[in-house]
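One structure is given here, and the rest of the page talks about it.
The values are calculated or read from the model by the stated rules, or taken from the named source; none is laboratory data. Because the structure is a prediction, the values reported are computed rather than measured. So basically every Cβ, Gly included, is an ideal-geometry build from the backbone, and we count neighbours across all protein chains shown.
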Amino acid sequence: MVIFAIPLKMNAMNTLFNTADYTAMVTRVEKLPHNAERLWGKMDSAQMLAHCNEAMKSAVGELKLKRVFIGRLLGKWALKQFIGEKAISKNNPTAKEFRVADKRDFEKEKKELLSYMKRFHEAGEKGATTEPHGFFGKMTQAEWGILQWKHIDHHLRQFGG
């Protein structure tokens, strides 16, 4: 069951650094109900928000991930797929540091995600980490903005938003 409207067609250049894209994403996160049913995957909505928070911590440089071997082989190719025009596909593997299996407080996680998004947006590209991504490797700051937008979009769509 879809709880709220799905956004217009995604553009490969959607980024949390763009004010219109950021504002639209904030609205979508704010509208996410605590009881949203997942359309795929294993996480509930509070766990999904916590998962997105961990990804945002990585994007701002608070969480440094060790490079994984398979990422060294396929990371650059996979990054092009992830930040391209197509939406992120369902049920992709995730870094163990981003996995959330325990019970989480929905409102707390939502507030934290909105805070990280605001911080990331307001800092602009200079606020994105220069540390390599655990899987994708070295990324430009612009790529971090696109990836974070697409990652949050992916998980909101997971819950009908």
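Working carefully through the options K90, K110, find the one that is of a type in the set (D, E, K, R), in a helix (DSSP H, G or I) and closer than 24 Å to D21 by Cβ.
Going through K90, K110 in turn, the sole match is K110.
Take the residues of the stretch 31-56 that are among the charged types (D, E, K, R) and farther than 14 Å from L114 by Cβ: which is modelled with the lowest pLDDT?
Looking at residues that are among the charged types (D, E, K, R) and farther than 14 Å from L114 by Cβ, I get K42.
Just the residues that are at pLDDT below 95 and in contact with an Asp or Glu (Cβ under 8 Å, 6 or more places away or on another chain), please, taken from the stretch 96-135.
Correct list: E97, F98, V100, G134.
How many residues does the stretch 49-78 hold that are surrounded by 13 or more Cβ atoms within 10 Å (Cβ to Cβ), in contact (Cβ under 8 Å) with a residue 60 or more places away in the chain and of a type in the set (D, E, K, R)?
2
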